[in-house]
Amino acid sequence: MGNTWLKLILLFVLLFFLQVWLFNKIHLFGYATPLLYIYLILKLPVDMNRNVVVVIAALTGLLIDVFSYTLGMHMLATVVAGFMRYYLLKIFTPRDMFESVLPSFSSFGYSLFLRYAGFVVLIHHILLFSIESLSLFDPVNLILRIVGSFILTMFLIFAFESINLGSFKK
């Protein structure tokens, strides 16, 4: 269990620094911004207490907000994503899964993990960009930002998970 927490802490530090100093500055075509910090919420153990998941999500969002000057938008989106994670895990987790497993390609399979990750990321992005726009005045721009950021974030999650899977096959 201690090894899992150490890996999660290192993942948090890595994702935090990547998000604040690299990914926040990327805006492909003015629409797609990778928001990879949500990957931490995806990788928390399946059997983790829901309250702990929401607190971790809140702290992650708060730190991103502090360094991005976004006044609570990321915190709200990550808390909702962390809250919905439990219900999405109930839908996408195989019935015969061990309780203390980390969600991954190797434990869920490619299809289930990508569907689980896709729903969490989509909930996060819809909420974040809707709050950021504060209106539905330009729905085409809003949809382009959500879809572009969703595709870019899912691509990066797939890449991170593929690297992670390769390290476990030794």
Legend entry - Where Cα atoms sit under 22 Å apart: lysine pairs in the chain separated by 8 or more or lying on different chains: 6
Inset, instruction - Have a look at the chain and give its Rg and Dmax from the Cα atoms, expressed in angstrom. - result: 15.5, 52
Inset, instruction - Mind checking region 57-153 for trypsin sites (Lys or Arg not before Pro) that DSSP puts in a loop (not H, G, I, E or B) and that have at most 10 other Cβ atoms within 10 Å? - result: R95
Legend entry - Accessible area expressed per residue, region 45-95, with surrounding protein chains retained (probe 1.4 Å, Å²): 54 Å²
Legend entry - Accessible-area order (highest first, 1.4 angstrom probe) of the listed residues W21, W5: W21, W5
Legend entry - Residue of M73, M84, M48 that the Gaussian network model of the chain assigns the largest fluctuation, springs spanning Cα pairs under 10 Å: M48
Inset, instruction - Please calculate how many Å² of accessible area region 105-170 carries per residue, with a 1.4 Å probe and no DNA, RNA or ligand atoms counted. - result: 56 Å²
Legend entry - Coordinate range along principal axes, alpha carbons of region 73-170, Å, largest first: 50, 25, 20
Inset, instruction - Go ahead and collect, in residue order, the members of region 1-35 whose backbone nitrogen is under 14 Å from a label point 7 Å along the Cα-Cβ direction of D138. - result: 29-32
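Sort I126, I56, I64 by accessible area with a 1.4 Å probe, largest first.
I126, I56, I64
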Inset, instruction - Could you pull the accessible area for D96 with a 1.4 Å probe, rounded to 10 Å²? - result: 130 Å²
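Rounded to the nearest percent, how much of the accessible area of region 40-96 (1.4 Å probe, protein heavy atoms only) is carbon and sulfur? Don't skip to the end; give the middle numbers.
Values: 2030 of 2900 Å².
Its accessible area is 70 percent carbon and sulfur atoms.
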Inset, instruction - Would you check the accessible area of F23, probe 1.4 Å, heavy atoms only, in square angstrom rounded to 10? - result: 20 Å²
Legend entry - Residue-averaged 222 nm ellipticity for the chain, from DSSP H runs of 4+ at -39500 (n - 2.57), nearest 500: -24000 deg cm²/dmol
Legend entry - Residue with peak Gaussian network fluctuation, the chain [Cα springs, cutoff 10 Å], from V53, V66, V80: V66
Inset, instruction - Describe numerically, in nm with one decimal, the distance between label points set 7 Å from Cα along Cα→Cβ at S68 and at I9. - result: 2.5 nm
Inset, instruction - Considering Cα pairs under 8 angstrom that are at least six residues apart, work out the relative contact order of the chain and quote it in whole percent. - result: 26 percent
Legend entry - Gain upon complete extension [I131, I26; 0.36 nm per residue less C-alpha separation]: 35.8 nm
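The values are calculated or read from the model by the stated rules, or taken from the named source; none is laboratory data. Model, not experiment: these values are computed from the prediction. Cβ coordinates were reconstructed from backbone atoms using ideal geometry, including for glycine residues, and neighbour counts include every protein chain displayed. For the accessible areas, the whole protein counts, side chains as well, though only heavy atoms, and no ligand, DNA or RNA atoms are used. Shrake-Rupley method; radii C 1.70, N 1.55, O 1.52, S 1.80 Å.
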